[in-house]
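A short worksheet on the structure shown next.
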Amino acid sequence: MPARPSSIAPLRYPRLTPPRRARRWPWLIVLALVAAAVYVTLRPKLWPVPPAPTTAPRRPLVGIIAGHREFDSGAVCDDGLREVDITTEVTRQVLDRLHARGYEAEMLSEYDDRLAGYRAAALVSLHVDSCMFDLSGYKVAGSSHGPAARDSALLVEALSGAYAAATGLGFHADTITVDMTNYHAFQRIDPRTPAAIIEMGFMSGDRTLLVAHSDQAARGIADGVLAFLSAKAEEQRTPTPSN
Ligand SMILES: [Zn+2]
C-alpha cells in the first residue's frame, strides 16, 4: 500500500447548497389566491351554470301502516276475527283511493324496516280496538315529536273530521292510550314527517262497519289524508306574512 503523498490537498467536495425555495412560497400563495379570485369572478360569465332540469316534482308520498301486519294478529275476537286482517284490507282500499287521485302511496308493515328515517308527506297507522267491551267509536292521535308536530296535529284534525263524516262514528277520547300518543313509529320516522295513528273503531260495537262496510272506513281515511295534503299545498301557495 503506497503511502499517501502529503502534498495532496484533501479533496474538497462542493458543498451542497439547498436550492433557494424558501423565499418563493409566499408568492406562490399570492398567485394562487389571485387565480382563484379571477376564476370565481369570471366563471359564471364564461361557463354559465345550466338551468335546473324541468322535470315535474315528485307527487307527495303517503305511507300507510297496516297495523300489526307482519308482526302479530293484533286483537282477536272469540270467533277468530283478527285486527290485522281488518287493517290490511282497509289499507289496500286507502291506497287504491290515493293512487286513483294520482298520489304515490305505499303499505308499510307494523315494524317495517323502511320506517327508520321514513320521509313522506304523511304517515298514517291504521289500527282497530278490541272485541272485549261493547264499545263504539274511533280516535286519532298525532306525533308530538320534532318539527312536524304542528303538521301532525293538522293531520289528526283532517283525519278526524273526514272519518267521522264517512263512517258516522263518534270520537272515543276516553280510550286513547300511551300506545297511541307515544306510538313506536313516531320515534323512528324522520322528524319532519307528519304522522298520526287512528283506531278505526271497536271490533265489538263497530264490527259491521269494519267488516261489511270497510269501504266507508277507507274513504274516511283517504279523504282525511287528501284534505291534509290540500291544506298543506294551499299553505305553501300563500305563505304566511312574517312578523
Ligand atoms: Zn292495534
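The values are calculated or read from the model by the stated rules, or taken from the named source; none is laboratory data. Keep in mind it's a predicted model, so treat the numbers as computed, not measured. Using ideal geometry, Cβ is built from the backbone for each residue, glycine included, and neighbour counts are taken over all protein chains shown.
Numbers at a glance
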item	result
Enumeration of residues in the stretch 150-188 that are among the charged types (D, E, K, R) and surrounded by 14 or more Cβ atoms within 10 Å (Cβ to Cβ)	D151, E157, R188
Any chance A185 is within 16 Å of the ligand (Cβ to nearest atom) and either over 14 Å from K139 (Cα atoms) or more than 24 Å from the chain's Cα centre (by Cα) (or both)	yes
Residue list for the stretch 126-144, restricted to those being away from the ligand (no atom under 13 Å from the Cβ) and acidic (D, E)	D134
Unmet criterion (only one of (1) at pLDDT below 60; (2) within 16 Å of the ligand (Cβ to nearest atom); (3) among the small types (G, A, S)) for G74	(1)
Positions within the stretch 123-145 being of a type in the set (K, R) and either on the phi > 0 side of the Ramachandran plot or surrounded by fewer than 22 Cβ atoms within 10 Å (Cβ to Cβ) (or both), in sequence order	none
Of residues in the stretch 164-182 being assigned to a helix (DSSP H, G or I) and without any contact (Cβ under 8 Å) to a residue 40 or more places away in the chain, the one nearest to the ligand (Cβ to nearest atom)	D179
Residues satisfying the stated conditions in the stretch 108-117, i.e. of a type in the set (A, V, I, L, M) and either in contact with a Ser or Thr (Cβ under 9 Å, 6 or more places away or on another chain) or part of a helix (DSSP H, G or I) (or both)	L108, L115
Which listed residue, of A105, A120, is in a strand (DSSP E or B), of a type in the set (G, A, S) and either within 21 Å of the chain's Cα centre (by Cα) or surrounded by fewer than 24 Cβ atoms within 10 Å (Cβ to Cβ) (or both)	A105
Residues satisfying the stated conditions in the stretch 189-204, i.e. more than 16 Å from the ligand (Cβ to nearest atom) and either surrounded by fewer than 22 Cβ atoms within 10 Å (Cβ to Cβ) or closer than 14 Å to V90 by Cα (or both)	D190, P191, R192
When residues of the stretch 108-117 are limited to those that are within 16 Å of the ligand (Cβ to nearest atom) and not polar (S, T, N, Q), the one surrounded by the fewest Cβ atoms within 10 Å (Cβ to Cβ)	Y111
Pair list, Cβ under 7 Å, 6 or more apart: the stretch 79-103 residue in contact (Cβ under 8 Å) with a residue 12 or more places away in the chain, other residue away from the ligand (no atom under 13 Å from the Cβ) and acidic (D, E)	Q93/D215
Qualifying positions in the stretch 187-241 - assigned to a loop (DSSP other than H, G, I, E, B) and among the aliphatic types (A, V, I, L, M)	I189, M203
Filter result for A227 (among the small types (G, A, S) and in contact (Cβ under 8 Å) with a residue 12 or more places away in the chain)	yes
Residues located in the stretch 212-225, provided they are more than 16 Å from the ligand (Cβ to nearest atom) and either of a type outside the set (D, E, K, R) or surrounded by fewer than 19 Cβ atoms within 10 Å (Cβ to Cβ) (or both)	A212, H213, D215, Q216, A218, G220, A222, G224, V225
